[in-house]
Each structure stands twice: as C-alpha cells, then as structure tokens.
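Participant: Quick one: structure below, then a few questions.
Readers should treat all values here as calculations from the given coordinates under stated rules, not as data from a laboratory. Keep in mind the model is a prediction, meaning the values are calculated, not measured. Cβ coordinates were reconstructed from backbone atoms using ideal geometry, including for glycine residues, and neighbour counts include every protein chain displayed.
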Amino acid sequence: MPPPVQLFLTTIASAPVLRQKQEYLLRTLQVLGIPFVSYDLASDPNAKRLWRRKAPKDKQELPGILIGNVWPGTFEQFESAVENGTIEVFLRQLFHIASATLPYQVYRSEGGV
C-alpha cells in the first residue's frame, strides 16, 4: 500500500499565486486518482504544528505536501515531476520505500529520476 499523501493548504489565501498553486495541486491529484487528505492551516492548529515539525524550516511555504509524514520536496519540485511524467515517483505511489528516514534526493537519484 502506498504511503498516505497529506496536503497543507490555507483557505485564507489572498495571493492569487497561492490560490493557483493550491488548485493545481488538488486538481492534479484528483485527475490522477491519488487519494489524499487535506488540512487547512488557517483553522487547524494541529495540522499547522505537524507541518512546521515535518517540513524543513526554510521550506515551509504553502501549499505543502507530506508523503507518509515525510517531506518529499517543494511545490516547484511537485510541478516539475508532473511536467516530467515522474509524479508517481515523487509521491512514492509506484512502490513503497521501506525506509522513510533517508532524504528524498537519495530516492530520486537511485530511481533514475
């Protein structure tokens, strides 16, 4: 079973760019049929704490993604994976990687992505 996909969004996004990114992320996962759980950081303090604890301090911009409680990369890396046809690898949906303690970059280099 693939690791769960968690999305960290905000409903009070006033910046059009942030709204567009959130919509793109949601639409992409829906079209691919990848199940996910989304959290609104504006109204869910527990989700906000989880996101701040799991994402690198300098990479906590929204929208955010965790895969099995592991930060896989930035939105820009997600977008690049969609464009390059490697989104399933980015989201670790093709196979279950046994150890979630290694940095995502190791998986990318070993996977030939």
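Participant: Compute log10 of I(q)/I(0) for region 1-97 with the Debye formula, placing one identical point scatterer on every Cα and leaving out solvent, at q = 0.13, 0.14 Å⁻¹, to two decimals.
Facilitator: With one equal scatterer per Cα and no solvent, log10 I(q)/I(0) is -0.41, -0.47.
Participant: Among ILE65, VAL82, GLN93, whose Cα lies farthest out toward the positive end of the dipole of region 58-97, if unit charges sit on the beta carbon of Lys, Arg (+1) and Asp, Glu (-1)?
Facilitator: The Cα lying farthest towards the positive end belongs to GLN93.
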